[in-house]
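The values are calculated or read from the model by the stated rules, or taken from the named source; none is laboratory data. Keep in mind the model is a prediction, meaning the values are calculated, not measured. Don't worry about glycine lacking a Cβ; one is built from the backbone with ideal geometry, like all the others, and counts go over all protein chains shown.
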Amino acid sequence: MKPFGQHPDDKALPKAVTVLLEQVEADGGRVLAVYREPVGDNWQAFCLLPLDRVAPTPYQRDLSPTHAKRLTEVVKKIERFVDPIVVVSPEPGVYWTPNGHHRRTALEKLKAKLVPAILVPEPEVAYQILALNTEKAHNLKEKSLEVIRMYRGLAEARPASGEKDWAFQFEAAHFITLGLLYEENKRFAGGAFAPILRRVDGFLPGKLPATLTQRDGRAAKVRAADEALLGAVASLKERGISHPYVKNYVLARTSPLTRARKTLPSFDQTFDKLVAKITAFDAAKVKFEDIQRASTFAAPAGE
């Protein structure tokens, strides 16, 4: 490919793209190629960027030291970096990557000065973290925390928008509620509540700053259910019953939702009934064999 300045479509480049590419050169980077990607025919550039100007988006999951260490060792062993990161530029001189946190860290540990990157002119791609981040599969906690971080960022940057405007980026409404709970308690039993939340937690109408307050209310209801659940689990432990599936067992027997239901109750109705049923749960009627038998048909939900 011809470098920027010799590309046959240079004259057709939108002015905003030209300014962005000139910014890369001014920042000490190099534009190696400018092209239209083959799906949406959007302009993109393949660049070498100064590593110290590239940072992860502030919305994504925390770095996994284990994954970063393993990746660093592999790159060092093969003496080759073959997987460019995606970047956007939210402001001049700054580049964010929504999908290259671990690769960037590996290069930093190996004392590299430049990072190969695909530069996307549209800054909103920074919010498409869940779709773009393919380095390491997200677990429920990581996905939920990324979503709530994006939510807070969007509530400030795009306060006139609503949850449905970002449905693709958020993937599912219950990740927002779970994100609030994981922010407060990283050990929250999200895997136990996710099946219920997935069925009754939808995207809320209204603007993000207002719906964030409503989300706090929903998180409070789930928190109340969790507190009741911990009480039921404690009662079972007092009887000498301890099992990895115990939370799921109690929820399965107290959930107001059934597979046969065609019309679901509202979020508030569901969790009000759930708290009441968990509170009334009779631990004295449960035998260890009951939980053990139930666990063989469903593995404990991962965190």
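Taking the listed residues 71, 107, the one that is at pLDDT 95 or above, over 14 Å from residue 45 (Cα atoms) and either outside any loop (DSSP other than H, G, I, E, B) or not assigned by TED's automatic domain parsing to the domain that holds residue 58 (or both) is 107, with no other qualifying. The combined condition, being β-branched (Val, Ile, Thr), assigned by TED's automatic domain parsing to the domain that holds residue 75 and modelled with pLDDT under 90, is fulfilled by residue 125.
Yes/no matrix, rows are residues, columns are (1) at pLDDT 85 or above; (2) in contact with a Lys or Arg (Cβ under 7 Å, 6 or more places away or on another chain):
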position	(1), (2)
264	yes, yes
275	yes, no
280	yes, no
286	yes, no
295	no, no
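Within the set 191, 206, 162, the sole residue that is touching a Gly at 6+ places or on another chain (Cβ under 9 Å) and at positive phi turns out to be 206.
Selection of the stretch 147-188 for residues being touching a residue at least 24 places away in the same chain (Cβ under 8 Å), of a type in the set (Asp, Glu) and closer than 18 Å to residue 202 by Cα yields 163, 171.
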